[in-house]
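Inspection log for the structure reproduced underneath, given as structure tokens.
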Amino acid sequence: MRKGRLIGGGVVAAAVIGIAAAVVMAQRQAGAKAPDKAASAVAGAASAPPLEFRPTEVVQPALATMPRTIEFSGPLVAPNTAVVRAKAAGTLLALQVAEGQRVSAGQALGRIDLAELSNRVAERSANLESARATLAQAERTHASNERLAAQSFISPIALENSRASMDTARATLNAAQASLDTLRVGLREAALVAPIAGIVAKRYVLPGEKVAIEQQVLTLVDLAQLELAGSVGTHEVGSLAPGMLVQVRVEGVATPVSGKLARIAPAAEPGTRSIGVTIAMDNPKETLRAGQYALARVELTDAQQRLSLPMPAVGNTSGQDHVWVIDKGALLRRAVTLGRRDEANGRVEVLSGVDAGSQVLAARFDNLREGAKASVVAPKAAAVASAAASIPANLK
């Protein structure tokens with residue numbers, strides 16, 4: 001029995017030793033294969049053909065001026081706009097103009113029934129005549145009292161009373177005259193006449209309707225001068241000054257219109273951090289209309305030479321701008337810091353990351369690898385860029 005147990009234990013030990021030996025051999029074989037794979041990868045990278053680029057596919061940063069453009073938009077407004085209001089209550093008897101009709105300054109626009117106002121003028125005229133007669137009577141009485149006082153027939157107090165009565169009558173006459181003049185002014189202003197020359201933009205009442213004092217009757221617009229009211233940021237307003245020439249593109253008009261920067265607001269609007277600006281434009285032929293939407297562009301020249309690259313040469317990954325450069329036969333990706341942009345010429349200012357002698361890829365290529373061999377070849381010697389880099393269609 002004991003001998004059987006010893007034999008069984010020996011079998012189990014032998015099995016365990018065999019399994020351990022198999023595991024060790026497997027690990028040795030895996031360790032031997034790993035260096036072989038790494039070596040083959042290095043050999044493949046070393047044997048990969050270098051990327052070849054044509055001279056037209058590589059640019060060097062160049063010095064150039066970078067003019068800046070400030071844009072803002074808004075509706076056109078007519079600063080010379082007048083609202084004709086009724087200066088007296090009454091019935092509108094006639095309105096002689098229609099919307100879109102041109103009128104001249106001082107032209108009669110309509111009539112309001114001013115019978116009540118006319119009656120009041122007549123009443124004030126009668127009061128004026130009564131006050132004039134009262135003054136004349138007071139002056140005669142006072143003159144008579146002065147003669148009597150000189151002969152000591154009346155007391156000095158009676159003479160002073162007659163003088164006070166005369167002064168009161170004169171004041172009453174002046175008040176009556178002023179009241180009549182006020183009504184006459186109101187009667188004259190109650191006439192509906194055009195305060196400016198322009199075009200009837202809107203009618204608010206129709207003949208036969210009752211109008212109240214200061215009620216709107218008509219709106220007149222002079223289109224000879226228009227303005228564009230817009231706003232710019234606080235970081236841009238320092239570059240603007242009244243008198244600057246501005247190009248304005250109006251919706252529906254193919255040709256830009258010239259204007260001048262007329263006014264700049266003294267303070268920013270609360271909550272928006274924007275400052276209002278106003279562009280004045282001449283419109284002698286009245287081809288533009290108030291309310292049209294317009295876009296203004298202010299071109300700011302640049303007196304400084306700036307290092308710049310074509311915009312297609314700059315890429316962006318995870319918010320970081322970068323370019324690909326060929327340095328000592330290797331392809332490297334360089335992070336760059338950008339400045340101004342010239343949208344018209346398609347260039348961007350480069351503040352840091354490259355210098356004037358750098359060889360930069362002029363466009364964005366796909367499948368580029370950091371450290372890959374690269375060179376610039378002459379057009380005859382350059383067949384095709386490496387299969388690892390696909391060239392955009394616009395550069396083929």
key: For the range 250-369, projected area of the alpha-carbon convex hull averaged over all directions, nm²   = 12.5
message = Could you give the length gained by full extension between residue 333 and residue 177, i.e. 0.36 nm per residue of separation minus their alpha carbon distance, to one decimal place?
response = 46.8 nm
query = Under a Cβ-Cβ cut-off of 14 Å, what is the net charge of the residues other than residue 241 that fall near it, where Lys and Arg count +1 and Asp and Glu count -1?
reply = 0
query = What ranking do 243-249, 348-354 get when scored by the average of other Cβ atoms within 10 Å per residue, highest first?
reply = 348-354, 243-249
key: Per-residue ³J(HN,Hα) for the range 89-103, Karplus 6.51 cos²θ - 1.76 cosθ + 1.60, θ = phi - 60°, Hz, x for Gly and Pro   = 7, x, 9, 6, 7, 7, 9, 8, 10, 10, 5, x, 7, 8, 10
ask   = In the range 118-231, what percent of the accessible surface is made up of carbon and sulfur (1.4 Å probe, ligands and nucleic acids excluded)?
value = 56
ask   = Which whole-number percent gives the relative contact order of the range 136-248, counting Cα pairs below 8 Å spaced six or more residues apart?
value = 16
inquiry  = Let me check I've understood the local charge: for residue 305, count other residues with C-beta under 14 angstrom from its C-beta, Lys and Arg +1, Asp and Glu -1. What total comes out?
reply    = 0
Fraction of alpha-carbon pairs over 21 Å apart in the range 69-186 - percent = 65
ask   = How much area per residue is accessible in the range 172-323 when the probe is 1.4 Å and only protein heavy atoms are counted (Å²)?
value = 54
query = Which residues' amide hydrogens lie under 5 Å from the amide hydrogen of residue 339, considering only partners 5 or more residues apart or on another chain, with H built in the peptide plane?
reply = 349, 350, 351
inquiry  = How charged is the neighbourhood of residue 349? Take every other residue with its Cβ under 11 Å from the Cβ of residue 349, and add Lys/Arg as +1 and Asp/Glu as -1.
reply    = +3
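The values are calculated or read from the model by the stated rules, or taken from the named source; none is laboratory data. Bear in mind that the values here come from a model prediction, so they are computed numbers and not experimental data. Because the Cβ atoms are built from the backbone with ideal geometry, glycine has one as well, and the counts that use them run over all protein chains shown. Ligands, DNA and RNA are excluded from the accessible area calculation, which covers all protein heavy atoms including side chains. Shrake-Rupley method; radii C 1.70, N 1.55, O 1.52, S 1.80 Å.
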